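Below is one structure, written out as structure tokens, with a few remarks after it.
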Amino acid sequence: MAPPSPPAPLPPAGRARSRRRVPWRRRRSSPSRPALRARRLRAPHGRDCIPRRAPRPAALRPSMRRARRGAARGGYPRMPPRQREPRRGPGAPPRPAPPAATRPAALALVTLLSFASRFHRLREPPHVCWDETHFGKMGSYYINRTFFFDVHPPLGKMLIGLAGYLSGYDGTFPFQKPGDRYEQHNYVGMRGFCAFLGSCLVPFAYLTVLELSKSLPAALLTAFILIFDTGCITLSQYILLDPILMFFLMGAVLSMVKCNSCADRPFSASWWFWLSLTGVSLAGAMGVKFVGLFVVLLVGLNTIYDLWDLLGNLSLSLVMFGKHLLARVLCLIFLPLALYTAMFAVHFAVLNRSGPGDGFFSSAFQSQLIGNNLHNVSVPEHLAYGSVVTMKNLRMAGGYLHSHWHLYPEGVGARQQQVTAYLHKDLNNLWIIKKHESDTDLSDPSSPVEFVRHGDIIRLEHKETSRNLHSHQHEAPLTRKHFQVTGYGINGTGDSNDFWRIEVVGRRTGQLIKVLRSQVRLTHVATGCVLGSSGKTLPKWGWEQVEVTCTPYLKETPNSLWNFEDHINPKLPNISLDVLKPSFAEILLESHMVMIRGNSGLKPKDNEVTSKPWHWPINYQGLRFSGVNETDYRVYLLGNPVIWWLNLVTIGLYLLITVATAVALKRGVQLTSELKELSRVVLHAGGQITLGWLLHYLPFFMMGRVLYFHHYFPAMLFSSMLTGITWDALLKFCAGFLSPSTTARKVYGGGFLALVLLILYSFYLFHPLSYGMVGPMASHPSSPMAGLRWMDSWEF
Amino acid sequence: MLGFLKEPVVVTAKINVSLVALTVMGLMSRLWGLCYPRAVVFDEVYYGQFVSLYMKRIFFVDDSGPPFGHMLLALGGYLGGFDGNFLWNRIGAEYSINVPVWSLRLLPALAGALCVPLAYQILAELHFSHCAALGAALLILLENSLITQSRFMLLESILIFFILLAVLSYLKFYNLQKHSSFSGSWWFWLLLTGVACSCAVGVKYMGLFTYMLLLATAGLHFWHMIGDQNFSNVSLLCHFLARALALIIIPMGLYLSFFYVHLALLYRSGPHDQIMTSAFQASLEGGLARITQGQPLEVAYGSQITLRNVLGKPMQCWLHSHTNTYPIRYENGRGSSHQQQVTCYPFKDVNNWWIVKDPGMQQLVVSNPPRPVRHGHIVQLVHGITTRYLNTHDVAAPLSPHSQEVSCYIDYNISMPAQNLWRVEIVNRESDTDVWKTILSEVRFVHVNTSAVLKLSGASLPEWGYRQLEVVGEKLSKGYHQSMLWNVEEHRYGKSQEQKEREVELHSPTQMDISKNLSFMAKFTELQWKILTLKNEDTEHKYSSSALDWITMDTNIAYWLHPTSGAQIHLLGNVATWASANAAALLYLCLSLWYLLRRRRRIYDIPEDAWQLWMAAGGICGGGWAVNYLPFFLMEKTLFLYHYLPAVTFQILLIPVVLQHLSDHLCRSVLLKSMFSALVVAWFSWVYFVYCTFSPLTYGQPALAPAELRALRWKDTWNILIRKQ
């Protein structure tokens, strides 16, 4: 989507009139401080210059001189005129600003490096790595148009499928397990697509930081961090969802920041462009993984802040404010929602054949899939007495109500016939619906049809064994607090414990019960318990089928809800299941329910070593992408430790700086304009980025599902941007203390250079992590990684 | 000298009679008929067992919260002379004569009663009128659910008391701040805030929410002080330090002291021992300490040891082997090595004994002087009874096919050599030459050939393995996990070289005396960690509810039912109060939003000081409601209606706030004002009426007839028990 070509240079001609603060970098030609001030005050658009009440150049030295409001002592500093001439006020830039051409050049350089690092050795290793086995397979499903189920929304996999399709992959590779060789299959297209999106992250981050801090070095530092981080490289090189997710995420952040910069020209073309691009990116991020919700939150908070600001601006009429509000609602709520819905529409339109995901969905949905046994079937619509039916439990992958000629073993409740839930189609799943009190033969064709209604009391007779569904106050075999369910009676004659009240969820008395679509609850009349499937597998005596119980706890869970799937009644007219076709809204809702249930089902087991969120920022442990043994081609997802630890330290540093700055401002310390600008960058720009980091990191502490190291990478992007901004501000601040500007410039440049060199050197050390290690493990002295296993928990 | 006699001695006391009256009414409502019913009511069955254990000084772990609340309940038992002899096994069981029911229930009832005057004071400190404060106190007084919860041996009323006390003392402190910083009463209220907070947290972790709210409020107030140029930097620093001391350091210290008292009181071993590590168990009187007393500390070559898995999940167990072998083929068709099984066994057994052997030497006894095993040493582990070596090899484990099978090696003379060398890695070592210590050292056994780690997989083996727990060699050692750590529990120096003698030796109990004492901090950390991580099985409960049901009170809890008559006790709120509290919260939210937006456009509907008052009251009452309620949506544990009581207390305090605001600022004319007052009075009598209607369910008497009970079932979802005739 976003072109890799460098966008137009930042300061376009029209920008000169903008109310934006002129970055201090541009003041390169000012001969000396007082002169500068005079000039700026004369300037027609002088909003950005030093406020008139500012304590004049006494504050030339950017040292935080504490001065009570209004108590600043005046007086120009006594400076020998000779010295004044070359000197650039200490607070002024210690480094010449780059000429206008530098920015596009820098952007081009950054983009080039980024693409080079991501596309280097892209084909290696030529076998399935880690989660490629999932996402590659799902890409193939799109190409083959077979229906599948995944816990993430479809956009990412659709794009992978599209990339594979365009690059000539035919969808035939099975992607069975990590380590399978690709042989002649064309996998580079899909990897290249992911690498392309992954490479775009760097220029995006560069532009975002540049826009926020107006400082080229800060942007460059961020870009270098991301380019040379082994973790980001590794994660971008394979067929995974993460590069796609991060692409949209960074796209949203960049367009949000750009849009904020256009705030002085609302409703201009570029403003509309960036606002709607934000919306599009949000839809993309949400459409790849639900984690995209965090960036939606970030943009939402930013928008609320923005609107609050506008509301406080009394020069803006309420009508104007309404327009602002409407524009945002349109671009940030309706547009993403429409796109998000559209991608699901495409998803369901493309996947129209039966596949491995059928079982996760309701019977009504399955009837839509070509090849499914419910496809193009016709059954009677309303349930009547005498109907032969199968009942499917509504819990995910729930089975059919089942019974067979076997008794519960000695010691497990009453010794009566077993009733279980069975996942496959079978003759033993058939039940006949009978009236509870009479035993007239309903199959007699002359008798009138009588429909079953909500609230009726019925008896369910097992067709093969002629026993009634029965429950009593014995404890169930596995779930001890529930009651046992059995088959009881001979040839349909049982006792009053065979009576069940049939109720449809959300219906009133007397309504008919529909096949497939009615969600039914069977309440045991005598004990008041509800028929349900516990989901636990019975031991061998129960043929490892699923336990069915009668639960006395009246909770509305899918465990205790059933629907009727097959329905045979010769007396009723058949209707095609197409009539029951769920509407698109229903499909959308159902697929979301299934995804959410699937996500929360990914619980870690006991005794399983799992990755904890606190591991991530300290780079505690990586993920093995490929290879285990010494002879294998090994790729290990691990962040460049130098960079990650720098990021970690920076977060602490940033907090310190922020607290100090905020307290100083609150105490009313007077700052020079340079320091003011610096504190604005630190508090405002840094604050925005930190909020992003927090939003993408903290929620993981509350998640119950299985977590992996790569979940941290979106947060890591924010952390890297914060590093760029913070170090740039810190170096500027320190350099500001040094009096001759040449020294200041040297310190600033030196510090910047040292950081970049550190990053480069660490990348040189750790690059085999991404580009593949062959040969002995790191513990062996002849390994390329010898001596680099700084933490015991790293596995290379 | 006797000058003071010249003046008359005058004591002037100002007594707020309404406050006294409220206290008396609170006491009456909570203490009336406290001993009725003389039977176990609802969760008394749960807390009662802990009280009994306190009386008997037996150690226990309760994962529902820290020990302070339990200790307070136990204090009641102690004062009543309870000896702890009662079997707390079912709700409704009649108390025996030795149970001092009145004194056991007294403390929660007192705490509940004192909430009434506290509510009055809080509103008064928020600068609301006497009438509003009186209204708040009366609403708390007439709240059926709070009464029910206070009258039994339960913790919520104590928690609410401490929460309200903390809020009140912070408000007092804040109001003193303006005039008399660092005065005596200033310090008193500040310290009381901290103390009450830590008590609240000590009773239940829910108290943490209010603690956080108060910390945030204090932080906000301090932030305003920073902006105030009248304070010098030094005085700001002093203020900051005082707050940090009172609101952070002292609560933490107090919290620790709760545990200190808890551990000091409970020194005998008991039913929950096995949850704790061996070291902890050894510090308790009886139990493991009796066995491990006087064991040699340092594990040496030739030591006879039992190895306990550190994790203790799904249950505590010891490394075990027995003469049975793995089946040649498993049920799913995979093959095994058919060597001797190695499992983890949850009971003490002679087959749990292993001997540490030096691979370079043949002898199985400890030399003189003993050669201790150090970190990094390579050892063989010999099973005591069968003298086979602990072994692992590249064969899939029975239940975890991704890991290696662990066996005791039998030489079948086929191409599978013994691989029985293990490297001892002490994980909690201080230096790399540390000696392997009994009980204290947590050890990882790394297989030398395959670098697999000995691990408890947590699965239990089928019939052929006697349902013991599976032990595997984990090849991809993903970092640190307690299931890979083992510690020596029983230990003695082996003396007998001959197998027969050794068997006799293994069967004999260990002897010798060295006692080990854990420091308090080590015990505290372990206990705290266990409390936080112990997960009870997700139990379904008939009366559990979801957080959404609470607002509308769609759920109730039956606490007790008379064995013969229809008398019963339910946790049911005062419907009128709950509905009005919801309305008040909604109204507060809408009004605040309205004012806020208008203020942003520089339109000021109410005077500035009224606005400040409105915000402060909302911050405390509405904020208290939000922090005590919203987190439950993120929790995955079983929830009950009583979890909502702290939140609803705050929500009730919001009612008079909103009412007074309406009457002061929205009723502009006198006529409107008097009409409003009349409405309030009418509404209040409705609240009183509902209280009276439901009081038979609150107090459990008088017994109601089925028809009357049916009439009380105002909502279909309420589960009121009606006996069948």
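The values are calculated or read from the model by the stated rules, or taken from the named source; none is laboratory data. For clarity, every value in this text was computed on a predicted model and none was experimentally measured. All Cβ positions, glycine included, derive from the backbone under ideal geometry; neighbour counts span all protein chains shown. Remember, those area values only see protein heavy atoms, side chains included, never the ligands or the DNA or RNA. Shrake-Rupley method; radii C 1.70, N 1.55, O 1.52, S 1.80 Å.
Structural remarks
- Unique match (being out of contact with any Phe, Trp or Tyr (no Cβ under 6 Å at 6 or more places or on another chain) and within 17 Å of B:ASN574 (Cα to Cα)) among B:LEU653, B:LEU659: B:LEU653
- Taking the criterion of being part of a helix (DSSP H, G or I) and either in contact with a strand residue (DSSP E or B) (Cβ under 9 Å, 6 or more places away or on another chain) or at pLDDT 95 or above (or both), the residues of the range A:343-365 that qualify are A:SER363, A:ALA364.
- Remark: pairs (first residue in the range A:627-640, under 23 Å from A:TYR712 (Cβ atoms); second residue among the polar types (S, T, N, Q) and open to solvent by 40 Å² or more (accessible area, probe 1.4 Å); Cβ separation under 7 Å; 6+ apart in sequence or on different chains) are absent.
- Out of A:ILE244, A:ILE227, one residue alone is crowded, with 24+ Cβ neighbours inside 10 Å and closer than 29 Å to A:LEU730 by Cβ. It is A:ILE227.
- Among the candidates B:PHE82, B:PHE50, B:PHE42, residue that is modelled with pLDDT of 90 or more, among the aromatic types (Phe, Trp, Tyr) and not in a helix (DSSP H, G or I): B:PHE82
- Top-ranked residue of the range B:624-674 - restricted to ones that are assigned to a helix (DSSP H, G or I) and among the small types (Gly, Ala, Ser), ranked as farthest from B:PHE152 (Cα to Cα): B:SER674
- Test result for B:VAL234, without any contact (Cβ under 8 Å) to a residue 60 or more places away in the chain, within 14 Å of chain A (Cβ to nearest Cβ) and open to solvent by 20 Å² or more (accessible area, probe 1.4 Å): yes
- Qualifying residue in the range A:644-653 (condition: open to solvent by less than 50 Å² (accessible area, probe 1.4 Å), out of contact with any helix residue (DSSP H, G or I) (no Cβ under 6 Å at 6 or more places or on another chain), over 30 Å from A:LEU394 (Cβ atoms) and within 14 Å of chain B (Cβ to nearest Cβ)): no
- Applying a threshold of 6 Å to beta carbon distances and a minimum spacing of six or more residues, or different chains, the list of pairs starting in the range B:313-330 at a residue that is open to solvent by 30 Å² or more (accessible area, probe 1.4 Å) and ending at one that is assigned to a strand (DSSP E or B) and of a type in the set (S, T, N, Q) reads B:ASN324/B:GLN341; B:THR325/B:GLN340.
- Residue in the range B:294-309 that is nearest to the other protein chains (Cβ to nearest Cβ), counting only those that are open to solvent by less than 20 Å² (accessible area, probe 1.4 Å) and modelled with pLDDT under 85: B:GLN295
- Test: residue in the range B:639-655 that is over 16 Å from B:LEU586 (Cα atoms) and within 14 Å of another protein chain (Cβ to nearest Cβ): yes
- Count of residues meeting criterion [assigned to a strand (DSSP E or B) and either closer than 19 Å to A:SER362 by Cα or at pLDDT 85 or above (or both)] in the range A:498-520: 7
- Any helices (runs of 4 or more DSSP H) falling wholly within the range A:120-235 and containing at least 3 residues that are over 23 Å from the mean Cα position of the chain (by Cα): A:188-213, A:216-227
- Residues considered: A:ASP578, A:ASP566. Of these, the only one that is modelled with pLDDT under 75, open to solvent by 30 Å² or more (accessible area, probe 1.4 Å) and away from chain B (no Cβ under 14 Å) is A:ASP578.
- Lone unmet requirement of (1) crowded, with 24+ Cβ neighbours inside 10 Å; (2) touching a Phe, Trp or Tyr at 6+ places or on another chain (Cβ under 7 Å) for B:LYS172: (1)
- Among the residues here, B:LEU215 does not qualify as hydrophobic (A, V, I, L, M, F, W, C), open to solvent by less than 40 Å² (accessible area, probe 1.4 Å), modelled with pLDDT of 95 or more and assigned to a helix (DSSP H, G or I).
- Residue in the range A:752-771 that is hydrophobic (A, V, I, L, M, F, W, C), touching a strand residue (DSSP E or B) at 6+ places or on another chain (Cβ under 7 Å) and modelled with pLDDT of 80 or more present: yes
- Selection from the range A:666-698 of residues that are within 14 Å of chain B (Cβ to nearest Cβ) and either without any contact (Cβ under 8 Å) to a residue 40 or more places away in the chain or open to solvent by less than 30 Å² (accessible area, probe 1.4 Å) (or both): A:LYS666, A:ARG667, A:GLY668, A:VAL669, A:LEU698
- Number of residues in the range B:366-391 that are over 22 Å from B:HIS322 (Cα atoms) and in contact (Cβ under 8 Å) with a residue 60 or more places away in the chain: the value is 9.
- For the range A:377-410, the tally of residues that are in contact with a Pro (Cβ under 8 Å, 6 or more places away or on another chain), open to solvent by 20 Å² or more (accessible area, probe 1.4 Å) and at pLDDT 85 or above stands at 0.
- Test for A:SER600: is it polar (S, T, N, Q), open to solvent by 30 Å² or more (accessible area, probe 1.4 Å), within 14 Å of chain B (Cβ to nearest Cβ) and at negative phi: yes
- The range A:751-779 - residue that is touching a residue at least 24 places away in the same chain (Cβ under 8 Å) and within 14 Å of another protein chain (Cβ to nearest Cβ) and, of those, nearest to A:TYR636 (Cα to Cα): A:MET777
Conditions tested, residue by residue: (1) away from chain B (no Cβ under 14 Å); (2) buried (at least 22 other Cβ atoms within 10 Å of the Cβ); (3) not β-branched (Val, Ile, Thr).
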residue	(1), (2), (3)
A:PHE700	no, no, yes
A:VAL706	no, no, no
A:ALA715	yes, yes, yes
A:SER720	yes, yes, yes
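- Hits in the range B:546-561 (condition: part of a loop (DSSP other than H, G, I, E, B) and over 19 Å from B:ASN144 (Cα atoms)): B:SER546
- Residues located in the range B:455-468, provided they are within 13 Å of chain A (Cβ to nearest Cβ) and open to solvent by less than 10 Å² (accessible area, probe 1.4 Å): B:LEU456
- Residue in the range B:141-161 that is small (Gly, Ala, Ser) and under 20 Å from the mean Cα position of the chain (by Cα) present: yes
- The single condition among (1) within 14 Å of chain A (Cβ to nearest Cβ); (2) loosely packed, with under 15 Cβ neighbours inside 10 Å; (3) assigned to a helix (DSSP H, G or I) that B:ILE226 does not satisfy is (2).
- Tally of residues being part of a strand (DSSP E or B), out of contact with any Gly (no Cβ under 6 Å at 6 or more places or on another chain) and among the polar types (S, T, N, Q) across the range A:550-578: 3
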